[in-house]
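The structure appears below as structure tokens.
What follows draws every value from the coordinates through simple rules; no lab data is involved. Small disclaimer: the values here were computed from a predicted structure and weren't measured. Note that we place each Cβ from the backbone using ideal geometry, even for glycine, and neighbour counts take in every protein chain shown.
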Ligand SMILES: [Zn+2]
């Protein structure tokens, strides 16, 4: 799609001044925005595609800065329990997924994200080369922009808890783990196959969490990310137990350990950071790292409420994500934006500190691109990559349009998403996926979900329930 014109749209540019163009045009060439005009129409001849923007609002494509695509086929199958128990279900379910499932998993999530205005995501996906390779193929087929951070860990699960090994029942101690060298080699192999500058697909390093990795693995992730000029994405301080784990394993706060391992820099995104302390916030700000806030996930499994206002005050950029569908329910970034805009405004804080809708838009437009190490994303301006969302203004959430910024954050306009462009290409056009059959994705997701559900109920459910009871007892502090 060489030349595209969006004519006569209401444009929310996403720039620092929150500029709005009530009636404007966007010219796209070779996947980038080359002109944004106000007022006049542009002659539609000489374009390969002209999109009539009448009665639409065009905004920068949303970036989901934390997602796990394995979770799309297994949503609804974890009980509502704290993370340390929740993970037992997730590990058992993950073991039932085939590489082919991962292809359809990624497509199901990508479809839901495109339908809700997300044009890029950070996918933190466990499993081996073949499964992740399948997910990358899915993203290439559907057209979403993705950075894949293979989720790697070289410690058995029990060694990641703040509990002495001899205090754990034997049933919780029988898992092995791959070596650091194997895990790094897999990530590098995926990088070599898929990471191409200028394309939509990238590969980053994804140590699952500092406490889940040996020092050797963390150091190698830091070294390789620098060498290959790519990102580091890791879960940090999601639960209260993890804050205890840092003291238990290292005798110091988690981010100080991550920093000593060479893994804390402007390349690093710190997922959750619910239990981050003030000294760690200062360190993260000094190193230029980004926090990724996932309000649905934190609320659903009772992890706590991340100190988002304090992080921002201390100079730490905060991006937003959904987390996996099995811990967020929905992959709509409008859901995340609304929750982020609501849950931090507490009566014990001065009202001047409360998040305003423009602060939430700043998270998705200005801060999220830092997670992907993308400099040319997040704004509607000449030179930017043309990742755009068009919302139908004839929708209850946006009618009457009194305050676009406020309504985008609080009115939850997912159902208004109509057209989505990634790199200037319409991958969703007037509600229709352009590259792949939505019906086929839904059929495959339903069929595969049923198989996994039955296998879990027959072979794993009772055992996981027993282990979860043990973890609950061991982590009751
Ligand atoms: Zn996660």
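Miscellaneous remarks
- Crossing angle, helix 215-228 versus the chain [Cα axis fit, 0-90 degrees, rounded to tens]: 20
- With R₀ set to 22 Å, the beta-carbon distance separating residue 403 from residue 342 gives a calculated FRET efficiency near 0.85.
- Mean Cβ count within 10 Å, highest first, over the residues of peptides 48-55, 397-404, 456-463, 182-189: 182-189, 48-55, 397-404, 456-463
- Taking the fewest neighbouring Cβ atoms within 10 Å as the starting point, the ordered list for 47, 41, 248 is 41, 248, 47.
- Taking the longest Cα principal axis of the chain as reference, the axis of helix 333-343 is set at about 70 degrees.
- Förster-model FRET efficiency, 51 Å R0, residue 442 and residue 219, C-beta, rounded to 0.05: 0.70
- Residue 197-residue 98 FRET efficiency (beta carbon distance; Förster radius 35 Å; 0.05 resolution): 0.65
- Peptide ranges 351-358, 115-122, 135-142, 325-332 listed from the most packed, as the mean C-beta count within 10 angstrom indicates: 115-122, 325-332, 135-142, 351-358
- Inter-part distance where the range 451-468 and the range 328-355 are each reduced to a Cα centre, Å: 35
- Mean-position separation - Cα centroids, the range 362-401 and the range 90-161, in angstrom: 24
- Taking a ≥ b ≥ c as the square roots of the eigenvalues of the alpha-carbon gyration tensor, the range 62-371 is classed rounded because a/c is under 1.5.
- Using 0.36 nm per residue and subtracting the Cα-Cα separation, the extra length available between residue 250 and residue 356 on full extension is 34.4 nm.
- Between the range 243-276 and the range 1-70, the alpha-carbon center distance in angstrom: 39
- 453, 279 arranged by Cβ crowding within 10 Å, fewest neighbours leading: 279, 453
- Neighbour counts of other Cβ atoms within 10 Å put 15, 133, 286 in the fewest-to-most order 286, 15, 133.
- Ranked by the mean number of other Cβ atoms within 10 Å of their residues, highest first, the peptides 226-234, 268-276 fall in the order 268-276, 226-234.
- Between the helical axis of 438-459 and the longest alpha-carbon principal axis of the chain there is an angle of about 10 degrees.
- Distance (nanometres) between label positions extended 7 Å along Cα→Cβ at residue 462 and residue 375: 6.0
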